[in-house]
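Undergrad: Let me begin by handing over the structure; questions about it come next.
The values are calculated or read from the model by the stated rules, or taken from the named source; none is laboratory data. A quick note: this is a predicted structure, and the numbers were derived from the prediction, not measured. Neighbour counts run over all protein chains shown; Cβ positions are idealised from the backbone, glycine included.
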């Protein structure tokens, strides 16, 4: 598995992989639509008040793919091309899309929960009405996952000093907040925490197992040139025990393969 992670960059370094391209195109198209049609972005932003009391659960998904402007979009998509491309080459396109979707939901739920806690502890209920937009929460989630999968032991912080690889996303979280105090700290923190939950074993329970993906999904997408197949051991150091793999073991096709 470690050798696989080292080889992927050399094997597919020419173009961005499929899932990464889809996300970049989706966010860009949404930004174009918002630019020309000028919708009220308040209807799509993450809001604890609107989600909890008004049941506007679509905000958990829409908030991640809308951005407040072109600069915001470009910065996030540049990071997406770097971080998500690496992860997709390590995990495969299918698991990366699953990772994106779970990161969107988990980071949104964690951010909303933290806003309610802060509002309750401080008595400042305006926190429940705070709104946030952008893909950065998902990026922080993937940055944490990437730091756990990478073979690097240390990372350089803007060339000034080095920190342990697993601490890098958290240091970056603090630096960004200090430099840009108006960005959503709970949104970024929710993303980092969701990535930590997935890295510490959550991924193997809520995502399809590698055997399921290799047998039932990858063959249907393998004709796409930018598609990346799922490796045998996408989550090194963890057992692949999940419902999808269990179901695959019980299927007639799996039985025929074992008998053969």
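Undergrad: Test residue 117 against the stated conditions and say whether it is part of a helix (DSSP H, G or I) and surrounded by 14 or more Cβ atoms within 10 Å (Cβ to Cβ).
TA: Numbers: part of a helix (DSSP H, G or I): yes; surrounded by 14 or more Cβ atoms within 10 Å (Cβ to Cβ): no.
Answer is no for this residue.
Undergrad: For the structure I just gave you, tell me whether residue 34 is surrounded by fewer than 24 Cβ atoms within 10 Å (Cβ to Cβ), in contact with a strand residue (DSSP E or B) (Cβ under 6 Å, 6 or more places away or on another chain) and modelled with pLDDT of 95 or more. Walk me through how you get there before you give the answer.
TA: Numbers: surrounded by fewer than 24 Cβ atoms within 10 Å (Cβ to Cβ): yes; in contact with a strand residue (DSSP E or B) (Cβ under 6 Å, 6 or more places away or on another chain): no; modelled with pLDDT of 95 or more: yes.
Here the answer is no, as residue 34 does not meet what is asked.
Undergrad: Given the structure, is residue 82 part of a helix (DSSP H, G or I) and in contact with a strand residue (DSSP E or B) (Cβ under 9 Å, 6 or more places away or on another chain)? Step through it out loud before you land on a result.
TA: On the way: part of a helix (DSSP H, G or I): yes; in contact with a strand residue (DSSP E or B) (Cβ under 9 Å, 6 or more places away or on another chain): no.
Judged against the criteria, residue 82 is not a match.
Undergrad: Would it be correct to say that residue 141 is touching a strand residue (DSSP E or B) at 6+ places or on another chain (Cβ under 9 Å) and surrounded by 23 or more Cβ atoms within 10 Å (Cβ to Cβ)? Lay out the reasoning, then the answer.
TA: Numbers: touching a strand residue (DSSP E or B) at 6+ places or on another chain (Cβ under 9 Å): no; surrounded by 23 or more Cβ atoms within 10 Å (Cβ to Cβ): yes.
It is false that residue 141 is touching a strand residue (DSSP E or B) at 6+ places or on another chain (Cβ under 9 Å) and surrounded by 23 or more Cβ atoms within 10 Å (Cβ to Cβ).
Undergrad: Determine which member of the set 203, 137 is under 13 Å from the mean Cα position of the chain (by Cα), closer than 15 Å to residue 104 by Cβ and at pLDDT 95 or above. Working first, answer last.
TA: On the way: 203 fails: at pLDDT 95 or above.
Sole residue among the options that is under 13 Å from the mean Cα position of the chain (by Cα), closer than 15 Å to residue 104 by Cβ and at pLDDT 95 or above: 137.
Undergrad: For the stretch 209-225, check the following and say yes or no: at least one residue is surrounded by fewer than 20 Cβ atoms within 10 Å (Cβ to Cβ), under 30 Å from residue 47 (Cβ atoms), at pLDDT below 95 and out of contact with any helix residue (DSSP H, G or I) (no Cβ under 7 Å at 6 or more places or on another chain).
TA: The initial filter retains those residues of the stretch 209-225 that are surrounded by fewer than 20 Cβ atoms within 10 Å (Cβ to Cβ), namely 211, 214-225.
Those still in the list that are under 30 Å from residue 47 (Cβ atoms) too: none.
Looking through the stretch 209-225, none of the residues is surrounded by fewer than 20 Cβ atoms within 10 Å (Cβ to Cβ), under 30 Å from residue 47 (Cβ atoms), at pLDDT below 95 and out of contact with any helix residue (DSSP H, G or I) (no Cβ under 7 Å at 6 or more places or on another chain).
Undergrad: Still on this model: Can you name the residue in the stretch 145-200 that is touching a helix residue (DSSP H, G or I) at 6+ places or on another chain (Cβ under 7 Å) and assigned to a loop (DSSP other than H, G, I, E, B) and, of all such residues, is surrounded by the most Cβ atoms within 10 Å (Cβ to Cβ)?
TA: This residue is 150.
Undergrad: Which one of the conditions (1) in a helix (DSSP H, G or I); (2) at pLDDT below 95; (3) in contact with a helix residue (DSSP H, G or I) (Cβ under 8 Å, 6 or more places away or on another chain) does residue 53 fail to meet, given that it meets all the rest?
TA: (3)
Undergrad: If you scan the stretch 1-25, which residues turn out to be part of a helix (DSSP H, G or I), surrounded by 13 or more Cβ atoms within 10 Å (Cβ to Cβ) and modelled with pLDDT of 95 or more?
TA: 18, 19, 20, 21, 22, 23, 24
Undergrad: Let me ask something else about it. Here are the criteria: (1) in contact (Cβ under 8 Å) with a residue 60 or more places away in the chain; (2) crowded, with 23+ Cβ neighbours inside 10 Å; (3) in a helix (DSSP H, G or I). Tell me which single one residue 42 does not satisfy.
TA: Unmet condition: (2).
Undergrad: So which residues in the stretch 52-98 are surrounded by 21 or more Cβ atoms within 10 Å (Cβ to Cβ) and within 24 Å of residue 125 (Cα to Cα), if there are any at all?
TA: Residues satisfying the conditions are 59, 63, 64.
Undergrad: Which residues, counting only those in the stretch 120-131, are free of Cβ contacts under 8 Å to residues at least 40 places away in the same chain and assigned to a helix (DSSP H, G or I)? Before the answer, list the steps.
TA: Pass one, the stretch 120-131, residues free of Cβ contacts under 8 Å to residues at least 40 places away in the same chain: 120-126.
120, 121, 122, 125, 126 - these are the residues of the stretch 120-131 that are free of Cβ contacts under 8 Å to residues at least 40 places away in the same chain and assigned to a helix (DSSP H, G or I).
Undergrad: Any residue at all in the stretch 95-104 that's part of a helix (DSSP H, G or I), over 23 Å from residue 211 (Cα atoms) and either within 16 Å of the chain's Cα centre (by Cα) or at pLDDT 95 or above (or both)?
TA: Initially, the stretch 95-104 is screened for residues part of a helix (DSSP H, G or I), giving 95-104.
After this cut, where a residue has to be over 23 Å from residue 211 (Cα atoms) as well, the list is 104.
Subset that is either within 16 Å of the chain's Cα centre (by Cα) or at pLDDT 95 or above (or both): 104.
Yes - at least one qualifying residue is present in the stretch 95-104.
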